[in-house]
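Read the structure below first, then the notes.
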Protein chains: 2
Amino acid sequence: MAGQNKISESAFTPLVFYKALADDTRLQSLLLISEQGELCVCDLMAALQQSQPKISRHLAQLRKSGILLDRRQGQWVYYSLHPQLPDWARQVLALTAEQNPDYAARARQYVTTHCC
Amino acid sequence: MAGQNKISESAFTPLVFYKALADDTRLQSLLLISEQGELCVCDLMAALQQSQPKISRHLAQLRKSGILLDRRQGQWVYYSLHPQLPDWARQVLALTAEQNPDYAARARQYVTTHCC
DNA sequence: TCCATATATATGGTATATCGTATATTCAAG
DNA sequence: CTTGAATATACGATATACCATATATATGGA
């Protein structure tokens, strides 16, 4: 699945985007990825203290919505914002992260060190 | 219920905000209100072509989340962005409306004329 | 080839959201 | 104080979302 870099799986609308943000795991993952540029599944597992299937499932959903891009490097899969993600969506994520330093603050601590 | 102008019904977090945007009726209502400043229930019924209980229910949810403020004037209830809505949230709405002119375009047509 | 690690997905149960319909509330006018 | 218009809410039924568990896939190294 990684590396196919599919584009325009369907219409990327504001509604699709905000539905993707309407879950704690997905929102925190996106804000962290938006800040850090790229994170792998195990980074997010450690940061958010959630199970592997849970993280993976939500990342898959974000990938299928066209928000994230996955890149496999060896055994690891790294996720970053999709290059074709509209600028307004990128700005929304950046704005949200900047203006809400407390939200996802605990997660940010764990991100500094790589887990695996 | 109108006119109580309650504040801080609970923590207003990014997650609460984006959950509120994760529904077509609520998102379109918010973008229209963000553009127009203030709209009443029947304006939104006409704009979105949805039933009265449906519109009313979603507006109530937005009010309870602290996103909208309601103001009764005679038989009509007008909704606007809550004065205490954080600036970043306001910017998100404005940005989304500006950068997605097509979304909610049909609704915008109907808004020009008042319904009742 | 066999094993361990990282990641993905399938499945079924549970919780949450949304809806249509019916009913209640509020206000203005008579 | 009744009536009609605008809005709000209650109630079931249905749909959707989320989760934990189990299993599958892919990669690298022995």
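The values are calculated or read from the model by the stated rules, or taken from the named source; none is laboratory data. From a predicted model like this one, the values you see are computed outputs, not experimental measurements. Reconstructed Cβ throughout: ideal geometry from the backbone, glycine too, with neighbour counts over all protein chains shown. Accessible surface is based on the protein model in full, side chains and every heavy atom, while ligands, DNA and RNA are left aside. Shrake-Rupley method; radii C 1.70, N 1.55, O 1.52, S 1.80 Å.
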For the protein assembly as shown, what mean projected area does the convex hull of the alpha carbons give, in nm²? 13.2
Looking at this model, which pairs from A:LYS54/B:LYS64; A:LYS64/B:LYS19; A:LYS19/A:LYS64; A:LYS64/B:LYS64 are more than 24 angstrom apart at the alpha-carbon? A:LYS54/B:LYS64; A:LYS64/B:LYS64
Quick one: label points 7 angstrom along Cα→Cβ at A:TRP76, distances to the other copies in nm, smallest first? 5.9
Going residue by residue through region A:85-95, the Karplus relation 6.51 cos²θ - 1.76 cosθ + 1.60 with θ = phi - 60° gives ³J(HN,Hα) values, rounded to whole Hz and with x marking Gly or Pro, of 4, x, 4, 4, 5, 4, 5, 4, 5, 4, 4
Would you compute, from DSSP H runs of 4+ residues alone, the mean residue ellipticity of chain A at 222 nm, taking -39500 (n - 2.57) per run and dividing by the full residue count, rounded to the nearest 500? -16000 deg cm²/dmol
With every protein chain kept in place and a 1.4 Å probe, the protein assembly as shown has an accessible area per residue in Å² of 50
I'd like the mean, over residues of A:97-104, of how many other protein chain beta carbons sit within 10 Å of each residue's own Cβ. 3
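Assuming 0.36 nm per residue, please report the length gained on full extension of the stretch A:SER56 to A:GLU98 beyond their Cα-Cα distance.
Computed gain between A:SER56 and A:GLU98 is 12.6 nm.
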